Amino acid sequence: MEKILDQADSLRRIGANMNNNLDFMMNDTKKNIGHFVRVISISSGKGGVGKTSITANLAYELSKRGQRVVILDADLGLANIDILLGLTSKYNIKDVILGEKSLKEILIDAPGGFKVLPASSGITELTHLDLSQRMNFMEDIEELNDDIDIMLIDNAAGISDNVLYFNVAAQEQIIVITPEPTSITDAYALIKILVKKYDEKSFLLLINQTKSEKEALTIYKHFVTIVERFLGSLSLDYLGYIPKDEKVSKAIRQQKPLLACYPGALASIAIKNLAASILNLDTTPKPDGNIRFFWKKLLEF
Ligand SMILES: Nc1ncnc2c1ncn2[C@@H]1O[C@H](COP(=O)(O)OP(=O)(O)O)[C@@H](O)[C@H]1O
Ligand SMILES: [Mg+2]
């Protein structure tokens, strides 16, 4: 009798263990498949080309189209996304690294329903984390993952490590250029270093502040010819263009999204088209198509 009870007990234990293992496996599978988050960086060689304005308005339009969007404000410069949208941020990623806040707690609500993740001075700290800080940070990311569909990175201009590591970690890279010659040469320098040093091969080109689509296409073709002549064949897709429109600066002065103040402006219409193009891009979830992988790559840079 005692033996039978023993057996029953051990069967129960095996059962319980199996359940635990199953739970564990399910969690693991869930984590591995995860929820697919598109991470898109918006960069340029030269500052002042319109990255921040584009990112803010793109986030606004993508939110309108039902996407849950977070902007990672990775620009240490002055004209940050919070100023552009009249937001105030008390905390940034540094507070998360120090363990004082969670990522969710530092997110700021922006008009139109998207959120801004202020990185500012915390960016440099991100590259100097010890193992336990990294693990804590990754756990935080995990928690955020299911609440986001698209993360847009408003990058600083140039080719400093702070810029490059966001480019390398993002799955899709938008490079903004304008008709200004220096914007074109500086964008070339950025792409060159990303190709030569980091083996990046695929870029989406966005032409801002043009007179017309015709001008945008001329600039695009010219740019692709130069880049391919010196760097060989790459994937340099034309993502679209935004016309020069005084309403962009007007909206900035009002600290509101352009699309909220002037939805019918030419630049607004272009940004709506841009959002549609982004949603139409073929983005089959890649093995690294997860926000976890983005941060992991970033932390290992
Ligand atoms: N399509 C546009 N038409 C007119 N002005 C623009 C346009 N895009 C950007 N600007 C202006 O360029 C300036 C720089 O824009 P910003 O978004 O801060 O650039 P970045 O983030 O690349 O430094 C702003 O004053 C903005 O009003
Ligand atoms: Mg900016």
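Every read-out reported here was derived from the displayed coordinates using simple, explicitly stated rules and does not represent laboratory data. All of these numbers come straight from a predicted model, not from anything done at the bench. Quick reminder, even Gly has a Cβ in these numbers, built from the backbone with ideal geometry, and neighbours come from all protein chains shown.
Counting only residues at least eight positions apart within a chain, or on another chain, the lysines with an alpha carbon under 16 Å from that of Lys101 are Lys90. Computed from phi, the 3J(HN,Hα) profile of the stretch 194-211 under the Karplus parametrisation 6.51, -1.76, 1.60 (θ = phi - 60°) reads 5, 6, 6, 8, 10, 6, 6, 10, 9, 9, 10, 9, 10, 9, 10, 6, 9, 6 Hz, with x in place of Gly and Pro. Under the convention that each Lys and Arg Cβ holds +1 and each Asp and Glu Cβ holds -1, the size of the dipole of the stretch 106-187 around its Cα centre is about 280 debye.
Sequence-ordered 3J(HN,Hα) estimates for the stretch 84-96 from the Karplus curve with 6.51, -1.76 and 1.60 and θ = phi - 60° stand at 4, 10, x, 9, 10, 10, 8, 10, 9, 4, 4, 5, 6 Hz, glycine and proline given as x. The charge dipole of the stretch 117-266, taken about the Cα centre with unit charges on the Cβ atoms of Lys, Arg (+1) and Asp, Glu (-1), comes to about 1040 debye, rounded to the nearest 20.
Cross-link partners for Lys192 among the lysines, with Cα-Cα distance under 21 Å and sequence neighbours closer than 8 places in the same chain left out: Lys46, Lys51, Lys201, Lys221, Lys297.
A simple spin-label model places pseudo-atoms 7 Å from Cα toward Cβ; at Arg68 and Ser89 they are separated by 2.0 nm.
Restricting attention to the stretch 181-301, close to 0% of DSSP beta bridges with both partner residues there are antiparallel.
Along the stretch 39-53 the Karplus relation, 6.51 cos²θ - 1.76 cosθ + 1.60 evaluated at θ = phi - 60°, assigns HN-Hα couplings of 10, 10, 9, 10, 10, 7, x, 10, x, x, 8, x, 4, 5, 4 Hz to successive residues, with x for each Gly and Pro. Taking amide hydrogens as placed 1.01 Å from N in the peptide plane, the amide H of Gln209 sits under 5 Å from those of Ile242, Lys244, each at least 5 positions away in sequence or on another chain. Near Ile153, the amide H atoms lying under 5 Å from its own belong to Ile40, Ser41, Ile42, Leu72; only residues 5 or more places off or on other chains count, and H is placed 1.01 Å from N. A dipole drawn for the stretch 52-150 from +1 and -1 charges on Cβ atoms has a positive end, and of Leu103, Gly122, Ile81 the residue lying farthest that way is Ile81. The packing ranking, built from the mean of other Cβ atoms within 10 Å per residue, places the peptides 113-119, 166-172, 207-213 in the order 113-119, 166-172, 207-213, highest first. Taken as Cα centroids, the stretch 250-284 and the stretch 88-126 sit 24 Å apart, rounded to the nearest whole angstrom.
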